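No value in this document is a laboratory result; all are computed from the given coordinates. These numbers come from a predicted model, not from an experiment. Quick reminder, even Gly has a Cβ in these numbers, built from the backbone with ideal geometry, and neighbours come from all protein chains shown.
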Amino acid sequence: MKKHNQYSLENYFKILKIKTGRENPCDIMKFLEGEYYSQSKGDTVRYKDMDITYLIRVLKNKAEDNEVILAENGRLQNEIERMRKNITEILED
């Protein structure tokens, strides 16, 4: 049986809607319907079922992954440029 998380983002936004009397932003509600693959659980978890601490950790890890990808992308672009110059030099000789 799945445990109920009383601190889930879904519950938070329900309470926020009641307390403010305003609808929650539709882009945020759509985001919360998305899923994330949890390696520790070996299954997907909907963002709306997470608590804020877990969501922050997920987004932090994704940001770190993006930094690594951007750095590798930059390194590969430099390598491609170096290879182009070498090919141009060979063709000009």
Taking a point 7 angstrom from the Cα of residue 57 along the C-beta vector, which residues in the stretch 8-51 have backbone N less than 11 Å away?
39-41, 51
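With +1 on the Cβ of every Lys and Arg and -1 on the Cβ of every Asp and Glu, and nothing else charged, how large is the dipole of the chain about its Cα centre, in debye rounded to the nearest 20? Write down the numbers at each step before the final one.
Details: 17 positive and 17 negative charges, 185 e Å.
It works out to roughly 900 debye.
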Taking Cα atoms only, helix 52-92 is inclined relative to the longest principal axis of the chain by an angle, in degrees rounded to 10, of 10
DSSP-assigned coil residues among GluC sites (Glu not before Pro) in the stretch 1-40, each with at most 10 further Cβ atoms within 10 Å:
23, 33
Between residue 41 and residue 70, what is the label-to-label distance in nm when each label sits 7 Å out along the Cα-to-Cβ direction?
2.9
To test your reading of the geometry: what angle, between 0 and 90 degrees and rounded to tens, separates the Cα axis of helix 9-20 from the longest principal axis of the chain?
60
With P(r) over Cα pairs in 5 Å bins from 0, in percent as the read-out, I listed (i) 3, 14, 26, 25, 19, 9, 3, 0; (ii) 3, 11, 14, 16, 12, 9, 8, 6, 5, 5, 5, 4, 2, 1, 1; (iii) 2, 11, 10, 10, 10, 10, 10, 7, 6, 5, 5, 4, 4, 3, 2, 0; which label goes with the value calculated from this structure?
(ii)
Cα centre as origin, Lys/Arg/Asp/Glu Cβ charges: the stretch 52-93 dipole, Debye
380
Put +1 on the Cβ of each Lys and Arg and -1 on the Cβ of each Asp and Glu in the chain; which of 73, 36, 12 then has its Cα farthest toward the positive end of the dipole?
12
Out-of-range pairs (alpha-carbon distance over 23 Å; input 30/60; 17/60; 30/62; 17/62; 41/62):
17/60; 17/62
